[in-house]
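Asker: This is the structure I have questions about; it appears just below.
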Amino acid sequence: MLNHITIKNLAVVDSLELELHSGLTVLTGETGAGKSILIDALGLVLGDRAEAAAVRHGAERADIAAEFDVQDPNIEQWLIDNELDDDSNSGNNCTCLIRRTINAKGRSRGYINGQPIPLLLLRELGEKLVNIHGQNTHQTLLKTDEQRLLLDNFAGSSLLRKEVNQCYQQWKKKSSEYQKLKQDTAERDAKLDLLRFQVQELDELDLQENELSALEEEHLRLSNANQLIETSQAVYFQVSEDEQKSISHQVNHCLNELQSLSELDSSLNPVSEMLNIALIQIDEASSELRHYLDSLELDPQRLQWLDTRIGNIYDLSRKHRVETNELFSHIETLHSELEQLEHADSHLETLLEEVESIRLTYFKLAKKLTQARDKAAGLLAQEVITHIHELGMEHCAFEIKLLSVKSEQPQLHGMEIIEFHVSTNPGHPLQTLSKVVSGGELSRISLAIQVVTAQFSNIPTLIFDEVDVGIGGGIAEMVGSKLRLLGSSTQNKASNKSQILCVTHQAQVAFQAHQHLNVFKHSTNESTSTQIMPLNEEQRIEELSRMMGGVTITVQTRSHAREMRKQLTDLE
């Protein structure tokens with residue numbers, strides 16, 4: 001629901017700040033006062049195309065900010081999914097702030113909860129928050145997706161529709177697997193010959209996991225065996241073999257000297273202990289070197305075998321265009337592909353059975369959905385027709401058509417296309433709702449549909465722009481009654497609050513509003529700007545009197561206005 005809107009430097013508006021409430025709100029005013037400025041501003045803040053002409057003359061930019069109270073979990077989830085939720089929100093209510101700026105060159109920027117976003121996302125969110133009737137913008141009822149959704153909700157088939165959608169997705173996934181395997185099978189013979197040759201060649205290599213690193217380590221050792229033996233022997237001799245000059249002999253001599261001195265000064269004991277530990281380490285190192293030298297040998301044949309083995313691994317890696325460390329997993333992959341191709345017939349048959357089983361299940365569900373839609377279409381159409389006739393279009397015909405999809409394959413939304421068809425004049429053929437030319441007629445038809453389906457609507461704010469064009473008297477009063485009904489919080493069960501905004505010229509509509517806003521122009525010697533002012537009860541009487549009486553407002557006109565308001569109070 002729209003809680004608050006601020007408009008600066010937009011067209012004839014200098015600065016405007018307005019609080020809005022749930023229920024029915026009407027906007028009235030003299031001709032040319034700019035009654036549609038609020039709707040224009042909402043259209044822009046929700047992603048309508050912006051032009052430089054929208055910026056007030058002399059201003060650098062126009063700025064529109066709208067605050068919405070979001071109570072629909074689906075909209076909250078949309079904000080979360082797009083990382084546009086406001087962390088400061090808590091509790092059951094979620095506040096969403098939308099802003100749009102337009103500079104004098106026509107360039108614009110959009111923001112949701114302070115974050116800059118592309119206009120595509122702005123429009124997407126706008127369609128979830130506001131539905132404007134009588135204009136082409138945000139007219140979701142013209143979309144077949146929305147018409148299908150309304151019919152399914154009216155039929156109580158939401159869960160069944162979901163099952164049909166899920167079954168379609170399962171069928172699509174399995175069908176794709178089947179088609180891929182079928183295509184692979186068609187090329188199987190050629191692939192089999194190649195795969196068998198590749199697998200045989202790699203199996204003959206008999207490569208073990210992580211074998212190459214061990215082979216390369218051994219190869220490095222054997223290819224440098226001479227150097228390893230010579231240097232290790234020299235080190236071993238220096239460590240322990242030379243009786244006079246070996247490290248072991250020298251450390252042992254130093255230790256004996258210090259032990260003699262320790263008898264004179266005990267503070268040398270720690271040094272003696274360290275030399276003793278060093279001597280032990282030297283002896284252990286000497287022993288390890290001796291064992292190492294015993295294990296070393298020159299083995300030209302083993303070295304030659306390693307050269308050949310490593311060379312074969314690198315050759316096959318290049319041949320199969322994989323890294324050497326990926327060759328082992330590549331062999332496993334080829335084995336798996338070969339096994340799948342060799343047993344493709346059985347796999348293909350199993351997949352085909354699964355695809356057919358899911359397809360049959362889908363059509364059983366789709367048939368139930370078609371029956372539910374067919375039954376509900378007549379009931380919904382009849383209710384809509386009743387309301388349309390009450391709105392002064394007694395010759396209007398309305399029908400919900402289920403256009404069967406001629407296909408043996410499942411479809412995402414069922415096996416029919418849902419279309420709302422209407423004829424506004426006797427003898428004229430029924431046409432889709434989107435082809436209704438008159439904005440006033442389309443608004444009243446939409447109003448009738450909204451009244452009937454209000455309990456299923458997920459859009460909290462509905463706007464009707466001059467829905468009363470070309471009507472008056474009792475019909476206008478009926479329009480107002482239906483708008484008030486639509487704005488009642490108990491009517492719309494999909495959300496806690498309903499909000500209807502209506503631009504009207506008719507007192508019969510305006511007197512039934514929960515909130516009355518007056519649009520007027522304020523002029524000075526230097527400029528003119530449009531203002532919007534909430535009216536109290538006495539101000540409402542004056543505005544209703546003006547709407548009924550024109551230039552001259554008489555006592556009788558005011559009395560009639562008061563009687564209208566009193567009649568509404570008495571009815572409630």
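One line per residue, one yes/no per condition, for (1) farther than 21 Å from residue 148 by Cβ; (2) at pLDDT below 80; (3) crowded, with 21+ Cβ neighbours inside 10 Å:
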| site | (1), (2), (3) |
| --- | --- |
| 432 | no, no, no |
| 442 | no, yes, yes |
| 448 | no, no, yes |
| 456 | no, yes, no |
| 462 | no, no, yes |
| 470 | yes, yes, no |
| 486 | yes, no, yes |
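Asker: Quick check, is residue 298 outside any helix (DSSP H, G or I) and hydrophobic (A, V, I, L, M, F, W, C)? Working first, answer last.
Answerer: Details: outside any helix (DSSP H, G or I): yes; hydrophobic (A, V, I, L, M, F, W, C): yes.
Yes; evaluated as a whole, the condition is true for this residue.
Asker: In the stretch 308-327, how many are surrounded by 14 or more Cβ atoms within 10 Å (Cβ to Cβ) and either in a helix (DSSP H, G or I) or in contact (Cβ under 8 Å) with a residue 60 or more places away in the chain (or both)?
Answerer: Filtering the stretch 308-327 down to residues surrounded by 14 or more Cβ atoms within 10 Å (Cβ to Cβ) leaves 309-310, 313, 316-317, 320, 322, 324, 327.
Among the residues that remain, those that are also either in a helix (DSSP H, G or I) or in contact (Cβ under 8 Å) with a residue 60 or more places away in the chain (or both) are: 309-310, 313, 316-317, 320, 324, 327.
Summing the residues that are surrounded by 14 or more Cβ atoms within 10 Å (Cβ to Cβ) and either in a helix (DSSP H, G or I) or in contact (Cβ under 8 Å) with a residue 60 or more places away in the chain (or both) in the stretch 308-327 gives 8.
Asker: Further, regarding this structure: Would you check which residues across the stretch 249-282 are surrounded by 11 or more Cβ atoms within 10 Å (Cβ to Cβ) and of a type in the set (D, E, K, R) and list them?
Answerer: 257, 273
Asker: Taking the options 17, 76, 67, name whichever one is under 30 Å from residue 481 (Cα atoms), free of Cβ contacts under 8 Å to residues at least 60 places away in the same chain and either among the hydroxyl-bearing types (Ser, Thr, Tyr) or not in a loop (DSSP other than H, G, I, E, B) (or both).
Answerer: Exactly one residue qualifies, and that residue is 17.
Asker: Also: So, in the stretch 29-64, how many residues would count as being among the acidic types (Asp, Glu) and free of Cβ contacts under 8 Å to residues at least 60 places away in the same chain?
Answerer: 4
Asker: Filter the stretch 76-127 down to the residues that are at pLDDT below 90 and β-branched (Val, Ile, Thr) and list them by number.
Answerer: Across the stretch 76-127, the qualifying residue is only 95.
Asker: Could you please find all residues in the stretch 516-542 being in contact with a His (Cβ under 7 Å, 6 or more places away or on another chain) and either charged (D, E, K, R) or assigned to a helix (DSSP H, G or I) (or both)?
Answerer: Scanning the stretch 516-542 gives a single hit, 540.
Asker: Which one of these does residue 375 not meet: (1) surrounded by fewer than 18 Cβ atoms within 10 Å (Cβ to Cβ); (2) in contact with a Ser or Thr (Cβ under 8 Å, 6 or more places away or on another chain); (3) over 30 Å from residue 125 (Cβ atoms)?
Answerer: (2)
Asker: When residues of the stretch 543-560 are filtered for being without any contact (Cβ under 8 Å) to a residue 24 or more places away in the chain, part of a helix (DSSP H, G or I) and among the aliphatic types (A, V, I, L, M), how many remain?
Answerer: Residues meeting the conditions: 1.
Asker: Given the condition over 17 Å from residue 236 (Cβ atoms) and hydroxyl-bearing (Ser, Thr, Tyr), answer yes or no: does some residue in the stretch 276-292 qualify?
Answerer: Checked the stretch 276-292: no residue is over 17 Å from residue 236 (Cβ atoms) and hydroxyl-bearing (Ser, Thr, Tyr).
The values are calculated or read from the model by the stated rules, or taken from the named source; none is laboratory data. Predicted model, so just to flag it, every value in this text is computed and none were measured. Ideal geometry is used to build each Cβ from the backbone, glycine not excepted, and the neighbour counts take in all protein chains shown.
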